[in-house]
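Asks: Mind looking over this structure? Questions follow.
The values are calculated or read from the model by the stated rules, or taken from the named source; none is laboratory data. All values reported here derive from a predicted model rather than from experimental measurement. Positions of Cβ are generated from backbone atoms using ideal geometry, with glycine treated the same way; all protein chains shown enter the neighbour counts.
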Amino acid sequence: MRGNNDAGREAAASTGREAEGSLGTDRHALSSYVTSSPTEASRNEGRPGRDHAAELSGKSEHRQAHAMDRDLPGAVVVSTEIVNGTREDTVGPLAVGILEQSRVHTKTPQHVAEDPLELRAALRDAIASGARIIVTVGGTGVGPGDITPEVSAEFISVRMDGLTQQIRDVGLAKTPLSSLSRGIVGITERGVYGVLIVNSPGSRGGVKDALGVICPLLPHIFEQLDDQDHS
């Protein structure tokens, strides 16, 4: 009896080993199938890797950090009571200095009376002299002599209201009086002869706000105007 039992146990063990070996083979085959499953492959196909995503992100950051790569001629026209000698001009030289830091070279500020004829002549002369950027200072409020936006509009063919709003938003973060400024921004024409005209309020804070928005965008503006923005 003992011999029969031992023989039975040995046979059962042998059968179990065969079954386990068969199951192991099936598991290996199943694992291989799942790994190479078309469904899984299709899920991974077309997904950009981390390196590619980082590359795209890097390009975006590079665009935002783009700096001016050339010198541009400019002009600053101050239209306030400064021309009458009633107070010293501190805003005109400030505008010149900020522009100079962005490679926009201007002469000393030109002072004109708050008169449409004088301002119109000053803008015309600045454009004729080759200025690519004209910054007007003062005359953007609602007083009797605040005619700068109206005169500037005569020379602007393409308005850039997004920049106008951005300048106003920067000012509003500091004082509610910024909403009283009616200054506009725009270009005289599209192309290499286009001139950017920026109306700034007549205060030092207004000049800083306006040029703080405009100057970092000058490289992109003039790349587009001069048809050099191929990215």
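Asks: Being crowded, with 18+ Cβ neighbours inside 10 Å, without any contact (Cβ under 8 Å) to a residue 60 or more places away in the chain, touching a strand residue (DSSP E or B) at 6+ places or on another chain (Cβ under 6 Å) and among the β-branched types (V, I, T) is the requirement here; does I167 meet it?
Replies: No; evaluated as a whole, the condition is false for this residue.
Asks: So is V213 more than 15 Å from L72 (Cα to Cα), part of a helix (DSSP H, G or I) and of a type in the set (A, V, I, L, M, F, W, C) or not?
Replies: yes
Asks: Which one of these is at pLDDT 90 or above, within 26 Å of the chain's Cα centre (by Cα) and part of a loop (DSSP other than H, G, I, E, B): T108, T140? Give the steps one after another, and end with the answer.
Replies: Values: T108 fails: within 26 Å of the chain's Cα centre (by Cα).
T140 is the lone residue from the list that is at pLDDT 90 or above, within 26 Å of the chain's Cα centre (by Cα) and part of a loop (DSSP other than H, G, I, E, B).
Asks: Oh, and also: Examine the stretch 196-211 for a residue that is surrounded by 13 or more Cβ atoms within 10 Å (Cβ to Cβ) and free of Cβ contacts under 8 Å to residues at least 12 places away in the same chain, and state whether such a residue exists.
Replies: There is no residue in the stretch 196-211 that is surrounded by 13 or more Cβ atoms within 10 Å (Cβ to Cβ) and free of Cβ contacts under 8 Å to residues at least 12 places away in the same chain.
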